[in-house]
Every structure is written in structure tokens, then in C-alpha cells.
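This report refers to the structure that appears directly beneath it.
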């Protein structure tokens, strides 16, 4: 189990993580989502004991990874965002080194090498490896110990579709074994296939912890259409809304409609029935960053601070 309580990390005057609290339970995969610079990697490094918190606390299986480093790190295995190994060593030598480091039988290295399918590159120096092969080697190093807690930072970076599938299968199997898995990502498709819940960070602040299914539903209700009208009239806004549009706005000859994806055809039919002459239309799927920002604005609308930031007390009401 991972417990994070009021975690704050400052680098000088910059606050990378601001009063973050959530838990990851055994048998659960939680993904930390957020735009670049939102504090995902810093949070993961605090859990791994690589960065000391400025305030708050982190517990891994009940142990503080900073003040009880040995006990905490015995219980976790960590895959960093950028995997780097000594270029002169082979994959076999690297795996055997980590076996010795973790006091594991060398047979584990041989098994990992066989499992990794390096296509004969297992005994070649890693300087000959592609970025994807280095990432696969990092995943094999992660899997060597039978650790109850797994930490992965952007784990599918550089992986081909087959390797990504094998990683998902590996993590799903670990979940079935009751392992605790915390990973970071900015890809919704990756999180949708891997995670049970998503912890969303924006600007270092936790704005929500939600089941992934709920997050996907929010995306579905934020699809936009831009409809070019030959006869733009304000009355067409009401026509779109009657057909299920969540919002509609007329800008010149463009009618911008926000709706669920399944309501798009109904909106177009309603506009035509109302007399709208549609020249063309285009659809736009929302980005994750737009969803993150919508979480912020929805949570902070009543009490936004003067500088536009959200009070921490308001953000915490979104976490469950």
C-alpha cells in the first residue's frame, strides 16, 4: 500500500507538488495524470525515496522511504522515466548486477532475459540498443524482485505495440497478485487500459482522484463541433441545445457546439429542421489538458483567488 498525505515539494521558491494526498491500495493500479510540469515525476520520486518531501508524509507498506529507506525500498521496484545503463555492459550483465544488488538468484536474470525477447541482443552491449529496447530492459529490471509495490514513470515510452501489450499484461497480472502499482502518464489511452483510478495533477495540485471510467465519461461529454452556416442566426443555438448540446455559441458564421459524441447527428438534424443551411462541419476531440483545466475551473468557480489559482480546500473536495 502507498499512502501520501499533504505531500509538498519545493525547489527553492518553485513549488512542484502542493499539498497532495491520496492512497493506492493493494491490488490496484493508479495512474498520475497531468500536463508536462504538473508534478507527476516529482510525486513518484518522493514515493521512491529519491526526493525528500518539503512537507507532508509518504508511506510505502507503512515505511517512510526517506527516513526508513532500507525497509521501504525492499518493498518497492522502480522504473524511471529515462532509463540509463552503462553502455559497455550487456543486458545479461545488467540483469545479473541487479540480481546481486537485490540479493536474488542469478537464475532470475536468465529467466528475465528469456522473457524479454531481445532477439539475440541479450549478450550485446546496450550501446547497440534502441530506445525501445532500453525501455524493455528497464521493465525486466523492474520485474526481477517480487516487490509488493511497483512504481513506473511513463512506462510505455519508446515501446512498440507488442511490447506495450506485454507490459499491460505484466501489470494486470501483478494486480491480480495483489500488488500495489503507481504509474505516471499523459496518455489517456494508456491509462484507460491499465489503471483503475487516475489522480489528476495540475500545476502541482491534486484536482481529482477518479475511477478511469468516470474520467472517460467526462471526455465523451466534451466533444466539440464547428459548424459553418450559410445563414447564421442566433435562434440555431436553441435548436442545438434542444437536440442535446451541452453548450452552443455563435461566432460569426461558425456555430460551436459541445455535446456527447452520440448526440452529434441529432444536433445536425435539429439544425437542418430549424432551417439552418450547413456548409460544412468538423469535429474536435478534447485534449486531456482541457479536461484537467475543466476540473480546475469547476472546482474553483465560487472562490477563485485573485491570481486565478484554486484554494487548496476547494481542490480537496474533489478527491474521493
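The values are calculated or read from the model by the stated rules, or taken from the named source; none is laboratory data. The shown structure was predicted, so the numbers you read here are calculated from the model rather than taken from an experiment. A quick note on method: Cβ atoms are made from the backbone with ideal geometry, for glycine too, and the neighbour counts reach across all protein chains shown.
Which condition number in (1) buried (at least 20 other Cβ atoms within 10 Å of the Cβ); (2) assigned by TED's automatic domain parsing to the domain that holds residue 184; (3) within 20 Å of the chain's Cα centre (by Cα); (4) in a loop (DSSP other than H, G, I, E, B) is the one that residue 65 fails?
The one condition residue 65 does not meet is (3).
The rows are residues; the columns are (1) over 21 Å from residue 37 (Cα atoms); (2) at pLDDT 90 or above; (3) in contact with a helix residue (DSSP H, G or I) (Cβ under 8 Å, 6 or more places away or on another chain).
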site	(1), (2), (3)
165	yes, no, no
171	yes, yes, yes
186	no, no, yes
191	no, no, yes
199	no, yes, no
208	no, no, yes
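Please specify each residue of the stretch 73-89 satisfying the condition of being touching a helix residue (DSSP H, G or I) at 6+ places or on another chain (Cβ under 9 Å), within 20 Å of residue 104 (Cβ to Cβ) and either part of a helix (DSSP H, G or I) or free of Cβ contacts under 8 Å to residues at least 40 places away in the same chain (or both).
Within the stretch 73-89, 73, 89 meet the criteria.
With the requirement that a residue be free of Cβ contacts under 8 Å to residues at least 24 places away in the same chain and outside any strand (DSSP E or B), what does the stretch 178-212 give you?
The one that is free of Cβ contacts under 8 Å to residues at least 24 places away in the same chain and outside any strand (DSSP E or B): 189.
If I go through the stretch 223-240 residue by residue, how many of them are surrounded by fewer than 17 Cβ atoms within 10 Å (Cβ to Cβ) and under 33 Å from the mean Cα position of the chain (by Cα)?
Total satisfying the criteria: 1.
Yes or no: residue 150 touching a residue at least 24 places away in the same chain (Cβ under 8 Å), part of a helix (DSSP H, G or I) and within 22 Å of residue 62 (Cα to Cα)?
no
Given the conditions (1) in contact with a helix residue (DSSP H, G or I) (Cβ under 8 Å, 6 or more places away or on another chain); (2) crowded, with 16+ Cβ neighbours inside 10 Å; (3) closer than 15 Å to residue 149 by Cβ; (4) in contact (Cβ under 8 Å) with a residue 24 or more places away in the chain, report the number of the one that residue 24 does not fulfil.
(1)
Do the conditions hold for residue 158, that is, is it part of a loop (DSSP other than H, G, I, E, B) and either free of Cβ contacts under 8 Å to residues at least 24 places away in the same chain or over 21 Å from the mean Cα position of the chain (by Cα) (or both)? Working first, answer last.
Details: part of a loop (DSSP other than H, G, I, E, B): yes; either free of Cβ contacts under 8 Å to residues at least 24 places away in the same chain or over 21 Å from the mean Cα position of the chain (by Cα) (or both): no.
For residue 158, the condition - part of a loop (DSSP other than H, G, I, E, B) and either free of Cβ contacts under 8 Å to residues at least 24 places away in the same chain or over 21 Å from the mean Cα position of the chain (by Cα) (or both) - is not met.
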